[in-house]
1. Could you go through region 303-314 in sequence order and give the Karplus-derived ³J(HN,Hα) for each residue, using 6.51 cos²θ - 1.76 cosθ + 1.60 with θ = phi - 60°, rounded to whole Hz, and x for Gly and Pro?
2. Can you pull the one-decimal nm distance between simple spin-label points at GLN15 and LYS141, each 7 Å off the Cα toward Cβ?
3. Cβ neighbours within 10 Å, averaged per peptide: list 120-128, 11-19, 41-49 in order, most packed at the top.
4. My understanding is that a pair violates if its Cα-Cα distance is over 28 Å; which of LYS141/LYS284; LYS101/LYS164; LYS115/LYS276; LYS147/LYS259; LYS119/LYS284; LYS190/LYS318 do that in this structure?
5. Rounded to whole Hz and in sequence order, give me ³J(HN,Hα) for region 28-35 from the Karplus expression 6.51 cos²θ - 1.76 cosθ + 1.60, θ = phi - 60°, writing x for Gly and Pro.
6. Starting from the amide H of LYS153, placed 1.01 Å from N in the peptide plane, find each other amide H under 5 Å away whose residue is 5 or more places distant or on another chain.
7. Kindly provide the trypsin sites (Lys or Arg not before Pro) of region 82-183 that DSSP labels as loop, not H, G, I, E or B, and whose Cβ sees at most 12 other Cβ atoms within 10 Å.
Amino acid sequence: MPSLDSFTATERPHQLSMRRAWYSAIGTACSVSVPRFAQAITFYAGVRFMANGWITYRDMFSSMMMIMMSANGVGQGLVFQQAFESGKVSAISVFELMDRKTDIDPDLEGIEPKKDDIKGAVSFENIDFAYPTRPNIPVFKGQMNLKASALTKIAFVGPSGCGKSITIGMLERFYDCSDGMVRLDDYDVKKFSLHNLRSHLSIARSPKTEEAAKLANIYDFFKDLPDGFDTRVGDKGSQLSGGQKQRIAIARALERKPKVLLLDEATSALDSESEKIVQEALDKVLEQGGRTTITIAHRLSTIQNSDVIAVVSDGQIKELGSHQDLLALNGIYADMVAQQSLQVS
């Protein structure tokens, strides 16, 4: 039974934890007892040797001090044995990471088109892909094809694990497809230098921060803060709500004025009120235009106005079209809409 297997699966970690606790306790006990035993044995033996005239009083206490200092060193070493083992495991992980070689060389030279030469057209051609850690489980099987012109609003939808987010990963070259080609305009993304490729997805030079904040629907929030844009908001934004963090993330993306704007589950972790505010910000961004937008979404309410919606399933794009076109097909997308209780018009 799965539930029973899950319950008994905790036994092994529990046994390992108990074993480590015993080793720690024994090490602590030895660290305290070893110096004391050494002191007692040295004192007893010294007294006997002095009684027999084999050593002098001075020899006894000199020997006793040396043995006690050595025993203290051994005892302290036992205390740190567990810390040493933990450090050794951590060091192995660090050195493995340092020695790991990636197939995508960030320093490899490539073409470097200028900012104005890139329009933002995106295409995926016969994509075959599997995660490096799971090479025998393909995500895309050579039948993933999509071509979108510049300034198009594209959305990828589908069940969890179908490969929606990996499309963005391949475009940014966090991963490479094993076969097929991903293009930005007419260029294979593998031909770019990595720095240049990502600069077209997020340009550093941009309009004023205030303009991006207004577009992201968060300027009024910044204005009301004690120090405005310079206000400290805690470690990792701990003093901000989920909706505020998300709108700041959108403002940062707009601040870089990208040719291609990537939105990966922008409202997935928000409550209904925060989602509404963030969605209003996204709608404002999408209406502004001037860039290609690729959206990954579970909540279909966020992508109904996209120019092209790609339904990903079983390693390929099963349906492709606008919201109304896909509803008319009465297929996978229409079923997803019905399940999420969207208004079908």
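1. Result, rounded to whole Hz: 10, 5, 8, 5, 5, 10, 10, 10, 8, 9, 7, 6.
2. Distance between label points: 4.1 nm.
3. 120-128, 41-49, 11-19
4. Long pairs (Cα-Cα over 28 Å): LYS141/LYS284; LYS115/LYS276.
5. 3J(HN,Hα) across region 28-35, in whole Hz: 5, 4, 5, 5, 8, 7, 4, x.
6. Under 5 Å from the amide H of LYS153 lie the amide H atoms of THR293, ASP307, VAL308, each far enough along the sequence or on another chain.
7. On the way: sites: LYS88, ARG100, LYS101, LYS114, LYS115, LYS119, LYS141, LYS147, LYS153, LYS164, ARG173, ARG183; in loops: ARG100, LYS101, LYS114, LYS119, ARG173.
Sites meeting the loop and neighbour criteria: ARG100, LYS101, LYS114.
Bear in mind these aren't lab numbers, they're just calculated from the coordinates by the rules spelled out. All figures in this text were calculated on a predicted structure; none of them were measured in a lab. All Cβ positions, even for glycine, are placed from backbone atoms using ideal geometry, and neighbour counts span all protein chains on display.
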